[in-house]
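No value in this document is a laboratory result; all are computed from the given coordinates. Bear in mind the structure is a predicted one, so any value in this text is a computation, not a measurement. In this analysis, Cβ positions are derived from the backbone assuming ideal geometry, glycine residues included, and neighbour counts consider all displayed protein chains.
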Ligand SMILES: C[S@@+](CC[C@H](N)C(=O)[O-])C[C@H]1O[C@@H](n2cnc3c(N)ncnc32)[C@H](O)[C@@H]1O
């Protein structure tokens with residue numbers, strides 16, 4: 001049968017995809033590599049269907065290889081006799097432990113079918129949590145930044161595994177980047193934080209990331225023109241209202257009807273877009 005690698009999303013149980021939930025509800029057994037992923041899984045799976053796996057907290061490659069071999073030994077029969085799932089936070093194919101399991105299965109249990117159900121990765125969830133827009137065409141790189149590391153180069157970076165926020169911030173600031181930190185985004189467990197103050201997230205917490213953007217980036221957008229228009233139309237409205245109070249009824253009636261005085265502002269908008277080459281062919 002099949003082993004499903006299921007991405008659980010960043011941590012809130014209701015950010016698991018519909019397909020992920022369906023798989024979790026249908027498989028015979030669900031394995032998880034850690035406490036947090038297990039906690040999310042238990043929102044969708046009864047404790048009786050949770051499998052037991054033990055992963056050492058170590059960087060020792062021999063110990064890790066042994067642990068993955070043992071995990072594959074335990075999971076392979078379950079995925080041969082029935083369906084099983086292995087859950088990870090975020091997406092199973094983004095900086096994830098799932099890759100180790102899949103390679104170990106490929107090596108020692110190649111008859112096990114593996115299917116992946118994608119999840120919302122912190123790589124994209126950060127944008128909503130930090131209220132950052134990565135607009136079409138913008139470059140964005142994903143890097144690791146453990147132990148105070150501060151990778152630079154691209155204009156925009158998402159940094160995972162930030163364990164020394166003050167040091168990472170200091171180096172990025174010197175390299176010309178503005179930095180925002182996000183901790184435990186979309187997670188019930190622990191305290192969520194979004195801050196530009198590295199001291200606020202100075203204590204070590206594995207679920208911390210950073211978004212770095214090169215200072216002085218040209219972020220002008222076609223819709224920036226709307227901000228000026230909005231100010232202009234507010235001014236016109238307040239002048240109109242004032243003149244109505246002064247006894248000049250006509251313009252006030254027009255404003256109350258939502259009437260547009262003339263087509264001037266649209267004409268300006270189109271002309272500007274055309275000048276910047278922003279108009280799609282069919283929009284003229
Ligand atoms: C091994 S990576 C796993 C990434 C995961 N597979 C994904 O797609 O989001 C772990 C790192 O992702 C980041 N991360 C994952 N989930 C996060 C969350 N909810 N809030 C903040 N950072 C998170 C942290 O930087 C953490 O050290």
* Asked: Of the residues that sit in the range 3-24 and are in a strand (DSSP E or B) and more than 12 Å from the ligand (Cβ to nearest atom), which one is surrounded by the most Cβ atoms within 10 Å (Cβ to Cβ)?
  -> 3
* Residue by residue through the range 204-220, note down the ones that are free of Cβ contacts under 8 Å to residues at least 60 places away in the same chain, in a loop (DSSP other than H, G, I, E, B) and within 14 Å of the ligand (Cβ to nearest atom). => 204, 205, 206
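Residues checked against (1) in contact (Cβ under 8 Å) with a residue 24 or more places away in the chain; (2) over 21 Å from residue 40 (Cβ atoms):
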site	(1), (2)
121	yes, no
146	no, yes
150	yes, yes
159	yes, yes
164	yes, yes
173	no, yes
193	no, no
* Report, by residue number, each residue of the range 173-199 that is within 15 Å of the ligand (Cβ to nearest atom) and over 21 Å from the mean Cα position of the chain (by Cα). => none
* Asked: If you take the residues of the range 60-102 that are in a loop (DSSP other than H, G, I, E, B) and away from the ligand (no atom under 13 Å from the Cβ), which of them is nearest to residue 20 (Cα to Cα)?
  -> 83
* Tell me which residues, restricted to the range 104-159, are assigned to a loop (DSSP other than H, G, I, E, B), surrounded by 13 or more Cβ atoms within 10 Å (Cβ to Cβ) and within 16 Å of the ligand (Cβ to nearest atom). => 118, 119, 120, 121, 130, 132, 134, 140, 145, 149, 150, 151
